[in-house]
Amino acid sequence: MQPSNHHRPTSLNLHFNSGRPYSQPVPEQVPCPSCTVSPYTWELHYPTLNQRRLPASMRFDVGSSYRFQGRRRMRGKAGLAIYNLFNNRQILDRDFVIETPPTNQPQDDYNIQTLTRRASGAIPNLFVQFEW
């Protein structure tokens, strides 16, 4: 039996992330020189850094390629990979923004918004490469 010169490398990758640390802010009143109605406004302060963790997550990637040879020194490679095969939309990062009233209004209220960035879902990748 003659050995085949066609290669079919395959890869399987499992990525486990124990969850990135993040800091939970605390609203605090601070002096506001530009405020016309109230002498104070609100800011976010981080008394303890990285005291919380995002949830643990997993991502599974698969890929395969096929090397081929054609006529007249033509050869190439074709492949398919799928990143995040199980479509896990894990949390990548978390940030916080404080919203306060305009400086010409009373500063007795605030709203903290949590910004959560998630990973992409399943991403297919198809390629073909020709060499001559």
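Tell me the carbon and sulfur percent of the accessible area for region 1-116, rounded to whole percent, probe radius 1.4 Å.
Numbers: 4340 of 8550 Å².
Percent of accessible area from carbon and sulfur atoms in region 1-116: 51.
Projected onto the charge dipole of the chain (+1 at Lys/Arg Cβ, -1 at Asp/Glu Cβ, origin at the Cα centre), which of T41, W132, P102 gives the Cα projection farthest towards the positive end?
W132
Order the following by accessible area, largest value first: F16, F127, F96, F60. Probe radius 1.4 Å; ligands, DNA and RNA are ignored. All intermediate terms of the calculation are to be shown ahead of the outcome.
Working: F16 145, F127 70, F96 20, F60 50 Å².
Reading off the accessible areas and sorting them downward yields F16, F127, F60, F96.
Got a sec? What order do M74, M58 fall in by accessible area at 1.4 Å, biggest, i.e. largest, first? Numbers along the way, then the final one.
Details: M74 70, M58 95 Å².
Descending accessible area places them as M58, M74.
Students often check this: by mean Cβ neighbours within 10 Å, which of 76-86, 29-39 ranks highest, and how do the rest follow?
Values: 76-86: 15.5, 29-39: 11.8.
In decreasing order of mean packing, 76-86, 29-39 become 76-86, 29-39.
R118 accessible area, nearest 10 Å², 1.4 Å probe?
130
What does the charge count near T114 come to, summing +1 for each Lys or Arg and -1 for each Asp or Glu among other residues with Cβ under 14 Å from its Cβ? Don't jump to the answer; show the numbers that get you there.
Details: positive: R52, R94, R117, R118; negative: D93, D95, E99.
It works out to a net charge of +1.
So how compact is region 36-132: Cα radius of gyration and Dmax in angstrom?
When restricted to the Cα atoms of region 36-132, Rg and Dmax are 25.5, 82 Å.
Once the other residues with Cβ under 14 Å from the Cβ of Y40 are scored (Lys, Arg +1; Asp, Glu -1), what is the net sum?
-4
How much accessible area per residue does the chain have, in Å², with a 1.4 Å probe? Display every interim value, and only then the final one.
On the way: 9930 Å² over 132 residues.
The answer is 75 Å² per residue.
Under a plain spin-label model, where a point goes 7 Å from the Cα along Cα-to-Cβ, how far apart in nm are T116 and E131?
About 4.6 nm separates the two model spin labels.
Suppose R0 equals 41 Å. What FRET efficiency, 1/(1 + (r/R0)^6) with r the Cβ-Cβ distance, do A78 and R53 give to the nearest 0.05? Walk me through the numbers on the way to the answer.
Details: r = 41 Å, r/R0 = 1.00.
Efficiency computed from Cβ-Cβ geometry: 0.50.
What is the distance in Å between the Cα centres of region 53-108 and region 18-34?
Cα centroid to Cα centroid, the span is 28 Å.
Along the charge dipole of region 21-132, Cβ charges K/R +1 and D/E -1, which of Q29, S120, A78 sits furthest on the positive end?
Of the candidates, A78 comes out farthest on the positive side.
Place a +1 charge on the Cβ of each Lys and Arg in the chain and a -1 charge on the Cβ of each Asp and Glu, then give the dipole magnitude about the Cα centre in debye, rounded to the nearest 20.
Numbers: 15 positive and 9 negative charges, 336 e Å.
In debye, rounded to 20, the chain gives about 1620.
The values are calculated or read from the model by the stated rules, or taken from the named source; none is laboratory data. Predicted, not measured: the structure shown is a model, and the values here were computed from it. Heads up, the Cβs are rebuilt from the backbone with ideal geometry, glycines too, and the neighbour counts pull from every protein chain shown. These accessible areas exclude ligands, DNA and RNA; they are computed on the full protein's heavy atoms, side chains included. Shrake-Rupley method; radii C 1.70, N 1.55, O 1.52, S 1.80 Å.
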